[in-house]
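The next block holds one structure in the form of structure tokens; read it before the comments.
The values are calculated or read from the model by the stated rules, or taken from the named source; none is laboratory data. What you see is a predicted model, and the numbers here were worked out from it, not measured in a lab. Positions of Cβ are generated from backbone atoms using ideal geometry, with glycine treated the same way; all protein chains shown enter the neighbour counts. With ligands, DNA and RNA removed, areas are computed over all heavy atoms of the protein, side chains included. Shrake-Rupley method; radii C 1.70, N 1.55, O 1.52, S 1.80 Å.
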Amino acid sequence: DTGVSQDPRHKITKRGQNVTFRCDPISEHNRLYWYRQTLGQGPEFLTYFQNEAQLEKSRLLSDRFSAERPKGSFSTLEIQRTEQGDSAMYLCASSLLGGRHVKETQYFGPGTRLLVL
Amino acid sequence: KNQVEQSPQSLIILEGKNCTLQCNYTVSPFSNLRWYKQDTGRGPVSLTIMTFSENTKSNGRYTATLDADTKQSSLHITASQLSDSASYICVANTNAGKSTFGDGTTLTVKP
């Protein structure tokens, strides 16, 4: 399977614990996005990388959230001191952005569903 | 502020029937609009993409329309199937690649 993969698919944790999610994008894609989605809502943008550089972070991304993409390939999203309000689906997407590539297509992974008790 | 509003919020139809989902967007500078299908517990999958110069785009039983003047788009599903049950999300993108997602329309197709 050459699509976007995410690990784990499900995570249950207790409030106050730290969690880390991993995303493996499509191999030649240079952009990687993280989104959060709650039930009945569309995905909310959190942050994105172009290669290894983190180019934008949403104000939704509090200081408890950190994302990395150290070698421009896979990415991790860490949430420290989790709160019940962090319970959501965390989606990763990747895309290939070229010089004249107007119709950038984001390919989404299956998501990691987080439940904070 | 960039916004995407979708209607209806949810829809129930019988198998074999047609339906139309609506999307109104306020995004500037507008580049393109995309419809995604999201099955329960899965990530969204792209159905169609249209730039401001394209009025309609088809993908099998899915037909999307775009009116860049009124900033409206629709997704028409023909001869619905049980597997069409999903959330359909409209996404408007700017020239800089910034995406604004709607909250989706939840479609349930019943036998």
* Structure fact -> Scanning region A:47-74 for residues that are within 18 Å of A:Asn18 (Cα to Cα), open to solvent by less than 40 Å² (accessible area, probe 1.4 Å) and modelled with pLDDT of 90 or more gives A:Arg64, A:Phe65, A:Ala67
* Asked: Are any residues in region A:5-26 open to solvent by 50 Å² or more (accessible area, probe 1.4 Å), under 11 Å from A:Thr112 (Cα atoms) and not aliphatic (A, V, I, L, M), and if so, which ones?
  -> A:Ser5, A:Asp7, A:Arg9, A:His10, A:Lys11, A:Thr20, A:Arg22
* Could you tell me which residue of region A:75-88 is nearest to A:His29 (Cα to Cα), considering only residues that are open to solvent by 50 Å² or more (accessible area, probe 1.4 Å) and part of a loop (DSSP other than H, G, I, E, B)? => A:Gln80
* Asked: Is at least one residue of region B:14-25 open to solvent by 60 Å² or more (accessible area, probe 1.4 Å) and among the aromatic types (Phe, Trp, Tyr)?
  -> no
* **Residue within region A:89-104 that is within 14 Å of chain B (Cβ to nearest Cβ), touching a His at 6+ places or on another chain (Cβ under 6 Å), part of a loop (DSSP other than H, G, I, E, B) and under 22 Å from B:Phe30 (Cα atoms) present** => yes
* Structure fact -> Inside region B:61-91, the number of residues satisfying the requirement of being touching a residue at least 40 places away in the same chain (Cβ under 8 Å) and within 14 Å of chain A (Cβ to nearest Cβ) is 6
* If a residue has to be touching a strand residue (DSSP E or B) at 6+ places or on another chain (Cβ under 6 Å) and facing chain A (nearest Cβ under 8 Å) to count, how many in region B:92-102 make the cut? -> 4
* To do: Check B:Ser73, B:Ser87, B:Ser53 and return the single one that is at pLDDT below 95 and either assigned to a strand (DSSP E or B) or out of contact with any strand residue (DSSP E or B) (no Cβ under 8 Å at 6 or more places or on another chain) (or both).
  => B:Ser53
* Asked: Restricted to region A:1-52, and to residues that are part of a strand (DSSP E or B) and of a type in the set (S, T, N, Q), which residue is farthest from B:Leu11 (Cα to Cα)?
  -> A:Gln50
